[in-house]
Amino acid sequence: AEMAARLSENRLVSLPLSRIRVIMKSSPEVSSINQDALFLTAKATELFVQYLASYSYKHGRGKEKNALTYTDLSHTAEECETFQFLADILPKKILASKYLKMLEKEKRDGEVREDDEEEEEEEDEDEA
């Protein structure tokens, strides 16, 4: 009976419960995982992903092409307050050349702000 209950639970979620268990157990605070907690975490994750996808599709350019794109997802993470915590996970795509230019600019701006004395001290520390 318990096995039948688990099988019917598994059909209610698309995500693999074994993978979710592994992810949950990777947290040092988690020692054991109740089957109900595992199922509810899987279902909540599934509903969240569906909500993120449908929101991104409705508010993105994907509906013009009848497709959900990475750009739609990253735009949602950047623009929608609800999803801003995903901004680091779904960053806007930029060309590597543009990124390298940004890094160079940050480095130049940082050097401009430092006093000459500070730069000399750093050089002395590097030589030591």
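The values are calculated or read from the model by the stated rules, or taken from the named source; none is laboratory data. None of the values given here were measured: they were computed from a predicted structure. Cβ coordinates were reconstructed from backbone atoms using ideal geometry, including for glycine residues, and neighbour counts include every protein chain displayed. Remember, those area values only see protein heavy atoms, side chains included, never the ligands or the DNA or RNA. Shrake-Rupley method; radii C 1.70, N 1.55, O 1.52, S 1.80 Å.
Overview of values
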| read-out | value |
| --- | --- |
| Checking G110 against (1) open to solvent by less than 50 Å² (accessible area, probe 1.4 Å); (2) in a helix (DSSP H, G or I); (3) in contact with a helix residue (DSSP H, G or I) (Cβ under 9 Å, 6 or more places away or on another chain); (4) not hydroxyl-bearing (S, T, Y), the condition it does not meet | (3) |
| Residue check for L38: touching a residue at least 12 places away in the same chain (Cβ under 8 Å) and in a helix (DSSP H, G or I) | yes |
| Residues located in the stretch 66-99, provided they are part of a helix (DSSP H, G or I), open to solvent by 100 Å² or more (accessible area, probe 1.4 Å) and not basic (K, R) | E79, E81, F85, Y99 |
| All positions within the stretch 26-58 that are under 19 Å from the mean Cα position of the chain (by Cα) and of a type outside the set (S, T, Y) | A42, K43, A44, E46, L47, F48, V49, Q50, L52, A53 |
| Qualifying positions in the stretch 24-62 - polar (S, T, N, Q) and either touching a Lys or Arg at 6+ places or on another chain (Cβ under 7 Å) or exposed (fewer than 12 other Cβ atoms within 10 Å of the Cβ) (or both) | S26, S27, S31, S32, N34, Q50, S54 |
